[in-house]
Amino acid sequence: MSAPATEAKTRSTQAAGVGLPRGNPVAQSGQRNAPQHRPLVHDPAAARAVVIAVLRRIEGYLDEETAALDKSSNFDLKASNDRKSQGLVDLNQAMRRLTSEDINDDLKARLQTFRNKLAINLRKIRLHLDAVKEITAMLSEAIQSAESDGTYTRNIGPYRSAL
């Protein structure tokens with residue numbers, strides 16, 4: 001099809017309203033729609049419900065990870081950490097919807113429970129990291145002693161073999 005024929009077809013489909021949203025005269029005239037902004041309505045109960053839902057989700061991740069750390073099972077800590085990080089981003093966004101007046105006693109109690117679960121999870125992770133550090137130090141010492149010929153050690157001489 002030639003360029004003038006293509007342009008004529010395009011004009012005819014636009015005139016007929018093909019491919020344009022129906023019921024919007026501005027869209028049918030070929031002009032772009034201005035974004036329709038709705039006034040923000042602050043609903044404290046809905047904002048609290050979103051925060052509590054996010055807290056429950058993150059608490060589930062924490063419970064799962066804490067249980068896995070107790071069992072010393074083959075658990076994907078990277079994936080768990082990614083889920084917790086995304087959950088904390090979501091919690092931060094949800095908390096921005098609240099004003100200080102919106103935080104009631106129930107939400108304060110939920111947040112305290114969440115802090116307690118985070119503290120327990122942190123202790124378990126630190127315990128495992130400390131164990132990994134100890135094992136790494138022992139392996140490092142074993143490798144160094146296996147590779148060393150004793151040239152740079154303090155106990156040079158006949159007494160070295162007695163130690």
Pull up the stretch 57-74, narrow it to residues that are farther than 14 Å from Leu88 by Cβ and either of a type outside the set (S, T, N, Q) or in contact with a Cys (Cβ under 8 Å, 6 or more places away or on another chain) (or both), then point me to the one that is surrounded by the most Cβ atoms within 10 Å (Cβ to Cβ). Leu69
If the requirement is being modelled with pLDDT of 95 or more and assigned to a helix (DSSP H, G or I), which of these qualifies: Ala119, Ala142? Ala119
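Can you name the residue in the stretch 85-105 that is acidic (Asp, Glu) and touching a helix residue (DSSP H, G or I) at 6+ places or on another chain (Cβ under 8 Å) and is also nearest to Arg57 (Cα to Cα) among such residues?
Only one residue fits best here, namely Asp90.
Conditions tested, residue by residue: (1) in a helix (DSSP H, G or I); (2) surrounded by 11 or more Cβ atoms within 10 Å (Cβ to Cβ); (3) at pLDDT below 95.
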site	(1), (2), (3)
Ser80	yes, yes, yes
Gln86	yes, yes, no
Met95	yes, yes, yes
Phe114	yes, yes, no
Asp130	yes, no, yes
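The values are calculated or read from the model by the stated rules, or taken from the named source; none is laboratory data. Since the model is a prediction, treat every value here as computed from it, not as a measurement. Backbone-built Cβ (ideal geometry, glycine too); neighbour counts: all protein chains shown.
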